[in-house]
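Report on the following structure.
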Amino acid sequence: MEFIEILQVVEVAVFPVTVKEYGDCIDVYRLSTPLNWCSQLEYPMRPVVGVTQEDARRFCKYNSLKLLT
């Protein structure tokens, strides 16, 4: 039996989405504010956390990105 290995090229961002980047899209794309959003705003260059999977998908869609699962 012969096996063929198929590899898919995937590009992954070097840096995660920051609080500022996500915040800039909340009103434009009607995204929900993540958990502890007020606390996160104090650190705009940190990675955003507490985003729902649906909002992550929408953020990626509107920014021409793909969400890895």
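The values are calculated or read from the model by the stated rules, or taken from the named source; none is laboratory data. Computed from a prediction, not measured in an experiment: that's the story for all the values here. Note: ideal-geometry Cβ built from the backbone for every residue, glycine included; neighbour counts use all protein chains shown. Accessible surface is based on the protein model in full, side chains and every heavy atom, while ligands, DNA and RNA are left aside. Shrake-Rupley method; radii C 1.70, N 1.55, O 1.52, S 1.80 Å.
Would you please name the residue that is surrounded by the most Cβ atoms within 10 Å (Cβ to Cβ), looking only at residues in the stretch 18-50 that are part of a loop (DSSP other than H, G, I, E, B), at pLDDT below 95 and aliphatic (A, V, I, L, M)? Among them, the one singled out is 31. Taking each residue of the stretch 17-35 that is more than 12 Å from residue 45 (Cα to Cα) and looking for partners that are among the aromatic types (Phe, Trp, Tyr) and not in a loop (DSSP other than H, G, I, E, B) with beta-carbon atoms closer than 7 Å, six or more apart or interchain, yields 25/59; 25/62; 29/59; 29/62; 31/59. The residue that is nearest to the chain's Cα centre (by Cα), among those in the stretch 59-69 that are under 16 Å from residue 27 (Cβ atoms) and open to solvent by less than 70 Å² (accessible area, probe 1.4 Å), is 59. The lone criterion from (1) closer than 24 Å to residue 66 by Cβ; (2) touching a residue at least 24 places away in the same chain (Cβ under 8 Å); (3) not polar (S, T, N, Q) left unmet by residue 43 is number (1).
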